[in-house]
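The values are calculated or read from the model by the stated rules, or taken from the named source; none is laboratory data. In this text, all values refer to a predicted model and were calculated from it rather than measured experimentally. Neighbour counts are summed over all protein chains in view; Cβ atoms, including those assigned to glycine, are modelled from backbone coordinates with ideal geometry.
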Amino acid sequence: MTTEPALAGRKEWLALAVLALPLLLVSMDISILFFAVPAISADLSPSGTQLLWVFDIYAFVLAGLLITMGSVGDRMGRRKLLMAGTVFFGGASLIAAYASSAGMLIGARALLGVGGACLLPSTLSLIRSIFTDATQRAKALGVWSAVLISGVSLGPVLSGVMLEFFWWGSVFLINAPVMVLLLILAPRLLPEFKDPHPGPFDALSCLLSLGAILPVIYGIKELGTDGFEVVPVVAIVVGLVVAFLFVLRQRTAAAPLLDLSLLRTRAFRGGVLFAMVASWVMIGFAIFTTQYLQSVQGMSALEASLWSLTPSVGIFIATGLSTGLAQRVDHAFIVGGAFVLTAGGLLFLTQVRADSPLWMVLVGAGGLSAGVAATMPLLTGMVVGSAPPEKAGLASATLQTGQELGGAVGLATLGTLGSAVYRTNLDGSAPDGLPDAALDAARETLAAAVLVAGELPGDVGGALLTAARESFTDGLNAAALAGAGVLLLASVLVVLLMRGAAGPAVAEAPEVADEPDGPSAAPGVANPVGTKS
């Protein structure tokens, strides 16, 4: 039986606003510690390794559990999982805020990753289930994408503001009241959805997914930070072997954790692939702009964080335009055009120099942000729209796992390229008479070079600072050029591979409704999942 999708009303749009709350906080926590390193180091005295784990453990746990939690949400109910994640996230935020040791903070960040893994796929899968009309769903996904990207941009800003007036733990405390508000509003405004026939839960597949994702992300991050070493390479190889075993398990399990038939859908696999590309450039290049503002332009943490918010203005404009065009134009052409816009922003950044005016880096970063923002609602719509509603949680988790992997690869590849150019150019431009120990320290990072330059006599220190800033900008230019090349190639591939996979004709095609599974099925809604309350 063919039915028209039910249109969302005021309650559904209020539900979207509720879903934006956890999404904003989870995305902000990815970047909220960017400017808190000096304060945490002074208070907790972490080792270099511990400090890296404070940053990395959140993303590791988040990425490793996404697929598992997406499947759990499809089984137990996406609203229930959202509320469980809310309790986890709020409690972990309190522990992190009052952590008295580096180990305690690392543990709290791991719990935050568990909570985030519950929240992220729940928000996206609930949108898929609440908004059954393709046009309204596209608008809702545009809001979802804009909030997600804006959260990553707002994290450093919030961190800078809080650190200006309070202690470092305050950056976590703001999560708690929002989580309490979510616990109050979610039962009233969010309906429950789950797979009516999920089959048995496959614990072995969960372990294999963790064993595949965590070593790969760890290895990629380590290669990007320290260059080629045996341990991260072995970790990647182990992860790939476990990934192969995971795929074998999904082919033979009675109720697989990941439905491999989804990958046979062009919109699904293409959406995940090109979302990885978008995350690759967005996250991989973010470190360059933040360092440029602080260490090249010489801004304070608060000043840099506020200026870094400027490029995000284009995010809401870009998502609005892309979702509007999506009603009339094949999505592949819009994504391809957005990739060209992103490449244009990166090519503009290849012209930035150490003494360039501030507006140049802001314009380039704005083009990059707007281009990526324009792609995300369309790619997200391809993925969640091509999966059956009862698998929306799993589809959402697969997309977000791909984005995490893309971001990790971006940090590794673009970061390594920029660091290599920085070190090579600094070796050739460092002032004569510079002590070897000072040069070795300055070669590590631009921030280290700034500290070293401040401890040297005036002329030598000034010359080192100038050389380091110019070398870093050369690295930024090289990374921008490489990113632009990849994005231009991706703009061609997305049109060749994805044309006709998603667009007005596809999105507006009537869906065939399944037979309702009992009295709880929502009348008039295509593809009811059987438990909407």
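Of L173, L154, L120, L181, all but one fail to be touching a Leu at 6+ places or on another chain (Cβ under 9 Å) and crowded, with 23+ Cβ neighbours inside 10 Å; the exception is L120. Applying the criterion of at least 3 residues that are at pLDDT 85 or above and over 21 Å from F201 (Cβ atoms) to the helices (runs of 4 or more DSSP H) found wholly in the range 46-131 leaves 78-97, 102-130.
Can you confirm whether the range 125-140 contains a residue that is farther than 19 Å from A15 by Cα and either of a type in the set (G, A, S) or buried (at least 24 other Cβ atoms within 10 Å of the Cβ) (or both)? No, that holds for no residue. When the residues of the range 227-275 are filtered to those that are of a type in the set (S, T, N, Q) and not in a loop (DSSP other than H, G, I, E, B), the one that is surrounded by the most Cβ atoms within 10 Å (Cβ to Cβ) is Q250.
State yes or no: is V242 over 29 Å from R137 (Cβ atoms) and among the hydrophobic types (A, V, I, L, M, F, W, C)?
Values: over 29 Å from R137 (Cβ atoms): yes; among the hydrophobic types (A, V, I, L, M, F, W, C): yes.
Here the answer is yes, as V242 does meet what is asked.
With in contact (Cβ under 8 Å) with a residue 60 or more places away in the chain and not assigned by TED's automatic domain parsing to the domain that holds E229 as the only criterion, which of L414, L434, L465, L426 stands out? Matching residue, one of L414, L434, L465, L426: L414.
Counting the residues of the range 424-437 that are buried (at least 19 other Cβ atoms within 10 Å of the Cβ) and assigned to a helix (DSSP H, G or I) gives 2.
The set of residues from the range 320-360 being of a type in the set (V, I, T) and more than 22 Å from the chain's Cα centre (by Cα) comprises V329, T350, V352. The selection criterion, being among the aliphatic types (A, V, I, L, M) and closer than 15 Å to L66 by Cα, does not hold for A374.
Evaluate the range 469-491: report whether one residue or more is in the same structural domain as V383 (by TED's automatic domain parsing), at pLDDT 90 or above, hydroxyl-bearing (S, T, Y) and crowded, with 17+ Cβ neighbours inside 10 Å. Yes, some residue in the range 469-491 is in the same structural domain as V383 (by TED's automatic domain parsing), at pLDDT 90 or above, hydroxyl-bearing (S, T, Y) and crowded, with 17+ Cβ neighbours inside 10 Å.
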